[in-house]
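Notes follow once the structure below has been shown.
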Amino acid sequence: MQSLTELRSWRQQCHKDGKTVAFVPTMGNLHEGHIELVTQAHQYADYVITSIFVNPMQFGKNEDLDAYPRTFEADCDKLKAVNNHVVFYPSVEDMYPSGLSAQTVVSVPNNEFEFCAEATQRPGHFDGVATVVTKLFNMVQPDTALFGQKDYQQVRLIQTMVKDLNLPIKIVPVPTVREKSGLAKSSRNGYLNDDQKATAAIIFQALTAVGETLQNGARNISEIQTFAIEMIELAGLKPDYLEIRDAASFAPVNDKTTEAVILVAAFIGKARLIDNLVVKLNNAK
Ligand code: PAF
C-alpha cells in the first residue's frame, strides 16, 4: 500500500483485533540480509510490514541517490515468498510534503556518537536516517522493528533515539548475512562485478584478522588499525575509515573493554561498503 490513510486504517484494525506488528524499514533492492529481517520478524508479531522508501534525506550531495537501484517488482516477489503481510511504499511527496528543506529534523546528539566514524564521514546522514525512521515509526506504529547489524552505528542511533523519545518500540538487531567469501550482503554490492566482489572480501578478512589480534591480547590499537587499513588498500580498495572501539560506548578500547567493535568503510568501484565485527576481549571487568 502506498497511501498513509490506507496504512492507518490497516493499523487501526490490527489494534482492534489485538494483533501485534513487526516492522522492517528498507530502501528496497532487497537482498538476503533484508529477507532474513523479514523472516525473523515473524517471531515477534502477528503481522510483518516492510517499507520500501529510498530516503533522499540521508544521501549526501555527492552520493548515489539517483543511481540507487529501484527494483520494486522483484522486491515484492521476494517479500511474498517469505510471507510478508504488507509492503508500504510512500512517495517522496507524501513523506516530505513541504520539501526537504522545510522538514523538521530528528537529530540524535553527537555526544554519544563522537566516536562514530559514519557520522563524521557522512555529515547529515544520520539526521536523515533518524528523521525518516521516526516518521515511519509514527506512520506504522510497530510494536517491534528489526534492523541489520551490518549498519552497526545506525542500529545504535535508532536505539538511542527510541530511548530518548520514549517510543514504545522494541528494536531487534539482526546479525549480518554474508556471502561465502565473508562479504556482507548489501544493496551496494549490486554496483560490483564478480572480480570486484571477490576483491571486496578483503574487508571481512581484515576485520577477522583485527578481531583475532585483539583476542590474542594485542592492544597497540593504532598500529593494528594501520595494518588493517594497509591490508585493505593493498587489495585495491580505498579505505574510508577503520576504527576499533568499545562496542557499547564507542570509546577507545582500553584494558577494561570487554567487547570491541571494529568498524570499517571502504570504496571499491562505484560502491562504498561498510561492515563491522564485534569481538569479546579477555579483559578484567
Ligand atoms: O538501513 C536502511 O536501509 C535505511 O537507512 C533505513 C533504516 C531504511 C532508513 O531509510
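The values are calculated or read from the model by the stated rules, or taken from the named source; none is laboratory data. Source: prediction; values computed, not measured. In this analysis, Cβ positions are derived from the backbone assuming ideal geometry, glycine residues included, and neighbour counts consider all displayed protein chains.
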Query raised in the report: Quick one: how many residues across the range 245-270 are assigned to a strand (DSSP E or B), surrounded by fewer than 22 Cβ atoms within 10 Å (Cβ to Cβ) and free of Cβ contacts under 8 Å to residues at least 60 places away in the same chain?
Result: 3
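If you scan the range 116-130, which residues turn out to be β-branched (Val, Ile, Thr) and either under 22 Å from Tyr47 (Cα atoms) or more than 10 Å from the ligand (Cβ to nearest atom) (or both)?
The initial filter retains those residues of the range 116-130 that are β-branched (Val, Ile, Thr), namely 120, 129.
Hit for the range 116-130 is Thr120, nothing else.
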Report task. Restrict the check to the range 247-269 and report whether at least one residue is within 20 Å of the chain's Cα centre (by Cα) and at positive phi. Result -> yes
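Matching residues to (1) within 12 Å of the ligand (Cβ to nearest atom); (2) under 13 Å from Ser187 (Cβ atoms):
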{"residue": "Thr26", "(1), (2)": "yes, yes"}
{"residue": "Pro56", "(1), (2)": "yes, no"}
{"residue": "Gly60", "(1), (2)": "no, no"}
{"residue": "Pro69", "(1), (2)": "no, yes"}
Query raised in the report: If you scan the range 131-155, which residues turn out to be within 11 Å of the ligand (Cβ to nearest atom), more than 23 Å from Ile262 (Cα to Cα) and of a type outside the set (Lys, Arg)?
Result: Thr131, Val132, Val133, Thr134, Leu136, Phe137, Ala145
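Kindly establish whether Thr160 is buried (at least 18 other Cβ atoms within 10 Å of the Cβ), touching a residue at least 24 places away in the same chain (Cβ under 8 Å), under 30 Å from Gln43 (Cα atoms) and among the polar types (S, T, N, Q). So that I can check it myself, show each step before the final result.
Details: buried (at least 18 other Cβ atoms within 10 Å of the Cβ): no; touching a residue at least 24 places away in the same chain (Cβ under 8 Å): yes; under 30 Å from Gln43 (Cα atoms): yes; among the polar types (S, T, N, Q): yes.
The answer is no for Thr160.
Where in the range 1-105 are there helices (runs of 4 or more DSSP H), lying wholly inside it, with at least 1 residues that are acidic (Asp, Glu) and touching a helix residue (DSSP H, G or I) at 6+ places or on another chain (Cβ under 7 Å)? Break it down into steps so the answer makes sense when it comes.
Values: elements: 4-16, 32-41, 72-81, 92-95.
In the range 1-105, the matching helices (runs of 4 or more DSSP H) lie at 92-95.
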Requested in this report: Can you confirm whether the range 89-112 contains a residue that is within 15 Å of the ligand (Cβ to nearest atom), out of contact with any Cys (no Cβ under 8 Å at 6 or more places or on another chain) and of a type in the set (Phe, Trp, Tyr)?
Outcome: yes
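Which residue, of Thr120, Thr131, is out of contact with any Phe, Trp or Tyr (no Cβ under 8 Å at 6 or more places or on another chain), modelled with pLDDT under 95 and either crowded, with 19+ Cβ neighbours inside 10 Å or of a type in the set (Val, Ile, Thr) (or both)? First the steps, then the outcome.
Working: Thr131 fails: modelled with pLDDT under 95.
Only one candidate passes the filter, namely Thr120.
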